[in-house]
Amino acid sequence: MKNKSIILAFSIAGMFLSAQQKNEYVSPNENLIAENILPIPKSLNQTIKKYSESRNAGLADVHPNGKEIIASTRFASTNQLHRISFPMGARRQITFFDEPVGSASYEPTKGDYLIYSKDIGGNEFGQLFKLDLKTMESKLLTDGGRSQNGGIKWKKDGSGFYFTSTKRNGGDRDIYYMNPLKPEETQLVLEVKGGGWGINDLSDDGKKLLIGEYVSANDSYLYIYDLETKKLEPVTDRNEKGIVQSGATFGKNPDEIWYITDRDNEFERLAVLNIKTKKINYLTSSILWNVEGYDVSEDKSTLVFTTNESGINKMYKLDTRTNKYTPVKTSLGLIGGAKFTKDGKYLFFTQSAANSGSDVYRLDVASNTIERWTESEQGEMQSADMSVPKLIEWKSFDNMKITGFYYPASSKFTGKRPVVISIHGGPEGQSMASSLGSYNYYTNELGVAMIYPNVRGSSGFGKTFIAADNWYLRMNSVKDIGALLDWIAKQPELDKDRIMIMGGSYGGFMTLATAYEYADRIRCSVDVVGISDFNTFLKNTEEYRRDLRRVEYGDERIPKMAEFFTKIAPLNNIDKIKKPMFIIQGTNDPRVPVTEAVQMRDKLKAQGKTVWYLEAKNEGHGFRKKENIDFQRLAVIRFMQEYLLK
């Protein structure tokens, strides 16, 4: 009896201790699957709050009256649409969903309603909805199933719009027409083959569509579809390879189009193409960087374009009568989403800087003055808390010059600093001079330096560079990270013995590959939605993406290519991985399926390796809901404390 009492006492004490511990530590929410993650003290959650509450605002659309805008920003868990009626005015929220809403398009004549896109759980099967701005009622316009719908282009009179959808078979991105007041009468306009098709423009008379076909980062083509004759005519030659031809709009002259191309050049230039004579007039040849995007005023008298100059955006204004352009003086940073008002007097755009989040601004086209329209809260962070990047460069194994952005640790820390190398996805993505956001906690509170490399295959550095990692050249980009490890070893302020590799999507593959290629030179790694085997990835990624990815990575149906994939797969090199790994994944990811993470986790566990695992059941290709992002951030910091900083 006495022994039973002692056992009961210990049992009660254990229950009390367990409850006490539960109160002291952060628990994952019901949508998170967390395995092998060490307890996260609630005190850490408090210290990170200074860095985790920042917001960003991005331009979604401009009202036809030119006096108000729709912006996307977050006030609760996810980004939602907000209406703003004057500079620095109150942001009136107009969508209220658990799922994020980012894109929106006003009906172009009166703006009484708008069309927006939303998916479920990050599955990227975006559905179109009509939001009545008087009644605030939303109506589903598309099938609500496993189809992608978007890329809308309105008729000038607002009677309907053209859009793309994969609903016919899940793989081909066809073109449809819809009157949003009668969605049941939606018509298939053009059947195509492939997932890379999109609508660039609609002629002023509403009779012709200018259509783009994306094949790869190095190949894209343009077509005109006559809506009356039902004929699809090529504007560019489909037999020509290795040329980017994108972002097209109908020009001032009916026989001309504006577009962006890298034809006969390393970088992408803004150009005018005569459709009949095929003569090309290049407009930006003196700028030795990519033109990233542009917008044209409705009267086609003014064109504003942005360039990407070594990871920083610059804006230029072009007079279409003379084709002469002048720079617009903006703050140093990144620019996106530019859109003219209907009268052409103003241009709204989104801009961010290294020491701030993104916000919406308005350019007065005549005076070149810029007015701020939103000011997003950065939480308790001050400019002094934010690390400012420095452009660095190093030579790789074959003498190719590689660059990146280096964010130093706060000067309040002494001695050699640990390093986090964060590798972008794509692989045609690019790390740019942006704000670290919550990662400022790493530099300012943990004393960790961050480096964002642009390995070969990154965009922004010319067509040769972007193609330098294709197919059998894949591992050369991993060698670029090896050369970066050499560079770090030569820096007196950096600790070559405390390096963590982190990356998402293709950057996740790079992380996994670095973990086995340079196992003795890193401390740990964090793989976010990464590819663990290109063979299984290409088999399981969504059909609309598969052929597009084969152009970049290689075609697994070719035996020699499949053999190469098998050889380089991190999944098949587990025995070489020596350091702890953290794998993070969304269950509903349509790009890099959850199976890529699960198979990597299971094989690491089977071989007795240290592996942390975090999966979100309501997320896709990366986390977008704040409660999930917050736990992921805390778990990564806890991982760093345990395996990088000790």
Seminar exercise, completed: All conditions in (1) in a helix (DSSP H, G or I); (2) in contact with a strand residue (DSSP E or B) (Cβ under 6 Å, 6 or more places away or on another chain); (3) of a type in the set (A, V, I, L, M, F, W, C) are true of I637 except (2)
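Within the stretch 21-28, is there a residue that is in contact (Cβ under 8 Å) with a residue 60 or more places away in the chain and over 26 Å from S435 (Cα atoms)?
Start the filter on the stretch 21-28 by keeping residues that are in contact (Cβ under 8 Å) with a residue 60 or more places away in the chain, which leaves 26, 28.
Next, from what is left, pick out any that are over 26 Å from S435 (Cα atoms): 26, 28.
Yes, the conditions are met somewhere in the stretch 21-28.
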Exercise. Residues in the stretch 225-247 that are in contact with a Leu (Cβ under 6 Å, 6 or more places away or on another chain), in a strand (DSSP E or B) and more than 15 Å from Y162 (Cβ to Cβ): how many?
Worked result: 1
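Among the residues of the stretch 115-129, are any surrounded by fewer than 15 Cβ atoms within 10 Å (Cβ to Cβ) and either at pLDDT 95 or above or over 28 Å from the mean Cα position of the chain (by Cα) (or both)? Let's see the steps before the verdict.
Taking the stretch 115-129 first, the residues surrounded by fewer than 15 Cβ atoms within 10 Å (Cβ to Cβ) are none.
Within the stretch 115-129 (the criterion being surrounded by fewer than 15 Cβ atoms within 10 Å (Cβ to Cβ) and either at pLDDT 95 or above or over 28 Å from the mean Cα position of the chain (by Cα) (or both)), the answer is no, since none of the residues qualifies.
Being buried (at least 21 other Cβ atoms within 10 Å of the Cβ) and among the basic types (K, R) narrows it down to one residue among R269, R238; which is it?
Working: R238 fails: buried (at least 21 other Cβ atoms within 10 Å of the Cβ).
Only one candidate qualifies: R269.
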Exercise. Just a yes or no: is a residue in the stretch 287-296 of a type in the set (S, T, N, Q) and under 24 Å from T330 (Cβ atoms)?
Worked result: yes
Exercise. Name the residues in the stretch 439-469 that are surrounded by fewer than 20 Cβ atoms within 10 Å (Cβ to Cβ) and polar (S, T, N, Q), would you?
Worked result: T464
For this session: Quick one: I501 ticks every box in (1) outside any helix (DSSP H, G or I); (2) modelled with pLDDT of 95 or more; (3) among the hydrophobic types (A, V, I, L, M, F, W, C); (4) in contact with a Pro (Cβ under 6 Å, 6 or more places away or on another chain) except a single one, so which number is it?
Result: (4)
Problem set entry | Matching residues, the stretch 362-377, being surrounded by 13 or more Cβ atoms within 10 Å (Cβ to Cβ) and small (G, A, S) | S376
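Does the stretch 147-157 include one or more residues that are over 27 Å from Y294 (Cα atoms) and surrounded by 15 or more Cβ atoms within 10 Å (Cβ to Cβ)?
From the stretch 147-157, those over 27 Å from Y294 (Cα atoms) are 147; that's our starting set.
Remaining after also requiring surrounded by 15 or more Cβ atoms within 10 Å (Cβ to Cβ): 147.
Yes, the stretch 147-157 contains a residue that is over 27 Å from Y294 (Cα atoms) and surrounded by 15 or more Cβ atoms within 10 Å (Cβ to Cβ).
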For this session: Enumerate the pairs (first residue in the stretch 268-291 and touching a residue at least 60 places away in the same chain (Cβ under 8 Å); second residue anywhere and surrounded by fewer than 22 Cβ atoms within 10 Å (Cβ to Cβ) and not hydroxyl-bearing (S, T, Y)) with beta-carbon separation below 6 Å, excluding pairs fewer than 6 apart on the same chain, so at least 6 apart or on different chains.
Result: W289/F267; W289/E309; N290/F267
For this session: Identify the single condition in (1) touching a strand residue (DSSP E or B) at 6+ places or on another chain (Cβ under 7 Å); (2) without any contact (Cβ under 8 Å) to a residue 60 or more places away in the chain; (3) of a type in the set (F, W, Y) that W487 does not satisfy, given that it satisfies every other one.
Result: (2)
Exercise. Restricting attention to the stretch 437-467, and to residues there that are out of contact with any Pro (no Cβ under 7 Å at 6 or more places or on another chain), touching a residue at least 60 places away in the same chain (Cβ under 8 Å) and assigned to a loop (DSSP other than H, G, I, E, B), which single residue is farthest from V528 (Cα to Cα)?
Worked result: G462
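Please work out if T73 is of a type in the set (S, T, Y) and either crowded, with 18+ Cβ neighbours inside 10 Å or part of a loop (DSSP other than H, G, I, E, B) (or both). First the steps, then the outcome.
On the way: of a type in the set (S, T, Y): yes; either crowded, with 18+ Cβ neighbours inside 10 Å or part of a loop (DSSP other than H, G, I, E, B) (or both): yes.
For T73, the condition - of a type in the set (S, T, Y) and either crowded, with 18+ Cβ neighbours inside 10 Å or part of a loop (DSSP other than H, G, I, E, B) (or both) - is met.
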Exercise. For the stretch 337-430, which fully contained strands (runs of 3 or more DSSP E) count at least 2 residues that are more than 23 Å from N290 (Cα to Cα) and of a type outside the set (D, E)?
Worked result: 356-364, 370-372, 417-423
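Which one of S387, S396 is surrounded by 12 or more Cβ atoms within 10 Å (Cβ to Cβ), of a type in the set (G, A, S) and within 30 Å of T47 (Cα to Cα)? Don't jump to the end; show me each part of the working.
Numbers: S396 fails: within 30 Å of T47 (Cα to Cα).
The unique qualifying residue is S387.
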Exercise. Taking into account only those residues within the stretch 184-195 that are surrounded by 15 or more Cβ atoms within 10 Å (Cβ to Cβ) and at pLDDT 95 or above, which is farthest from S246 (Cα to Cα)?
Worked result: T186
Exercise. Quick one: what pairs do we get from the stretch 229-249, first residue farther than 23 Å from E552 by Cβ, second assigned to a loop (DSSP other than H, G, I, E, B), C-beta under 7 Å, 6+ apart or different chains?
Worked result: V235/I275
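May I ask you to say which residue of Y214, Y176 is under 29 Å from the mean Cα position of the chain (by Cα) and either farther than 29 Å from P427 by Cα or not hydroxyl-bearing (S, T, Y) (or both)?
Values: Y214 fails: either farther than 29 Å from P427 by Cα or not hydroxyl-bearing (S, T, Y) (or both).
After ruling out the rest, the residue left standing is Y176.
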Problem set entry | Cβ pairs under 9 Å, 6+ apart, first in the stretch 603-631 and in contact (Cβ under 8 Å) with a residue 12 or more places away in the chain and over 16 Å from V528 (Cα atoms), second among the basic types (K, R) and assigned to a loop (DSSP other than H, G, I, E, B) | K603/K609; K609/K578; K609/K579; T610/K579
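Say we look at the stretch 506-540 and pick out the residues that are among the small types (G, A, S) and buried (at least 23 other Cβ atoms within 10 Å of the Cβ); which of these is nearest to the chain's Cα centre (by Cα)?
Initially, the stretch 506-540 is screened for residues among the small types (G, A, S), giving 507-508, 513, 515, 519, 525, 530, 532.
Retained after the next criterion (residues that are buried (at least 23 other Cβ atoms within 10 Å of the Cβ)): 507-508, 513, 515, 525, 530, 532.
Values: G507: 12, G508: 14, A513: 22, A515: 24, S525: 21, G530: 15, S532: 20 Å.
By that ranking, first place goes to G507.
The values are calculated or read from the model by the stated rules, or taken from the named source; none is laboratory data. Owing to the predicted nature of the structure, the values given are computational and were not obtained by experimental measurement. All Cβ positions, glycine included, derive from the backbone under ideal geometry; neighbour counts span all protein chains shown.
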